[in-house]
Amino acid sequence: MLTIGVDLGGTNLRIAAYTPAIGILRSIALPTRLEAGPHAVVDDMCSAILQLIDQCSEGRKLAGIGVGSPGPLELPAGRLHHPPNLPGWDKFDLLGEMEKRLRLPVAIEGDANVAVLAEYTLGLGKELGVDSLCMLTLGTGVGNGIILDGKLWHGAAGMGGEAGHITIDPEGPLCGCGNRGCLEVLASATAVASAGERLIKAGKAQGLAKLQTGRASLTALELAEAARCGDKDAISIYAGTGRALGIGLADLINVFNLPLYVIGGGVAQSWDLLSPSLFEELEKRSYVYALTAPGRAASSGMPGGGTQVLPAKLEAEAGLLGACILPLHLSKTALATC
Ligand SMILES: [Zn+2]
């Protein structure tokens with residue numbers, strides 16, 4: 001059994017051939033030629049897909065092609081709506097254009113949905129033996145994927161799982177979605193970098209200003225390094241990120257009572273810096289968490305040993321792996337409902 005997975009990003013395209021027994025057999029990485037328009041990018045994707053099928057299909061049956069795409073993505077239509085990371089792709093029929101070129105089965109999901117699928121099948125979900133989980137990916141924005149009873153939760157138009165846009169601070173910074181104080185503007189890598197920039201501009205962070213000398217801005221990763229070296233302002237930025245995340249997660253835990261919440265994306269690599277304030281907020285704001293955390297009164301009957309909140313296991317590979325296993329997941333869930 002062979003699948004092809006595509007991780008479509010605003011900067012890079014990654015395409016891989018995959019088998020469940022071996023994992024990724026071969027992969028191709030290309031720049032996303034946004035300036036050439038969506039049709040040229042789909043042409044690039046499809047020629048790489050056909051090249052991998054040609055190289056890897058000997059003796060193997062192609063189960064399908066899976067694509068993880070930036071959103072907002074309308075499903076099952078596979079059409080994009082004003083995707084901020086793919087300018088000029090509004091109303092683009094991604095699924096239709098790929099099927100037209102390839103004449104092969106193609107499945108499309110939002111990028112956070114394929115990431116949660118990978119954690120469910122190959123990462124923490126598998127390790128803890130749970131069949132429901134919620135994942136937040138903290139990157140340029142905040143993505144969200146939810147699996148309930150073994151199936152991806154889509155909502156009525158494929159736009160369920162947008163926890164990046166739940167309100168954390170009603171008076172907070174303006175978000176790209178039009179709302180103020182979304183989780184995305186308080187806990188993404190962009191939010192961490194902006195918080196540093198605001199402090200420097202206000203003349204309140206001498207250490208960070210020195211670090212930034214000669215450059216336009218500091219990245220979330222550089223701020224994390226500064227925090228680990230004891231910079232108080234960087235420490236407080238990450239504590240704020242953990243607090244925003246804790247407030248958002250407390251709501252999700254109170255609503256869903258799932259056994260597992262996974263935090264992925266680049267900012268999750270600073271788990272040591274953000275998790276203390278995250279757990280402080282969970283204890284304060286979610287009685288469901290307080291009662292069901294591992295070892296607590298109501299945790300014993302839960303799969304995985306209680307409400308687990310953990311950093312992702314698969315890190316940067318989750319998106320590509322999730323796209324690879326998407327066709328297999330869909331055929332399995334289709335068989336299960338027959
Ligand atoms: Zn928003």
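The values are calculated or read from the model by the stated rules, or taken from the named source; none is laboratory data. Bear in mind that the values here come from a model prediction, so they are computed numbers and not experimental data. With ideal geometry, Cβ positions are generated from the backbone for all residues, glycine too; neighbour counts draw on all protein chains shown. Please note that ligands, DNA and RNA were not included when accessible areas were found on the heavy atoms of the full protein model with its side chains. Shrake-Rupley method; radii C 1.70, N 1.55, O 1.52, S 1.80 Å.
So that you can scan it fast, the table gives a plain yes or no per residue for (1) open to solvent by less than 10 Å² (accessible area, probe 1.4 Å); (2) part of a loop (DSSP other than H, G, I, E, B):
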site: Ser47; (1), (2): no, no
site: Gln55; (1), (2): no, no
site: Trp89; (1), (2): yes, yes
site: Leu117; (1), (2): yes, no
Checking Ala156 against (1) aliphatic (A, V, I, L, M); (2) at pLDDT below 95; (3) surrounded by 19 or more Cβ atoms within 10 Å (Cβ to Cβ), which test does it fail? (3)
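Given the structure, is Thr121 open to solvent by 20 Å² or more (accessible area, probe 1.4 Å), hydroxyl-bearing (Ser, Thr, Tyr) and at pLDDT below 95? Let's see the steps before the verdict.
On the way: open to solvent by 20 Å² or more (accessible area, probe 1.4 Å): yes; hydroxyl-bearing (Ser, Thr, Tyr): yes; at pLDDT below 95: no.
Taking the combined requirement at face value, the residue does not satisfy it.
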For residues in region 146-184 being more than 25 Å from Thr219 (Cβ to Cβ) and part of a strand (DSSP E or B), which is nearest to the ligand (Cβ to nearest atom)? Thr167
Leu95 - would you say it is farther than 21 Å from Ala250 by Cα, at pLDDT 95 or above and assigned to a loop (DSSP other than H, G, I, E, B)? no
Run down Pro87, Pro72 and say which single residue is over 20 Å from Leu330 (Cα atoms) and within 16 Å of the chain's Cα centre (by Cα). Pro72
Tell me the residue from Ala189, Ala195, Ala202 that is away from the ligand (no atom under 16 Å from the Cβ) and open to solvent by less than 40 Å² (accessible area, probe 1.4 Å), please. Ala195
Within region 259-283, the residues that are touching a strand residue (DSSP E or B) at 6+ places or on another chain (Cβ under 6 Å) and either among the β-branched types (Val, Ile, Thr) or farther than 17 Å from Glu162 by Cβ (or both) are Leu260, Val262, Ile263, Val267, Ala268, Trp271
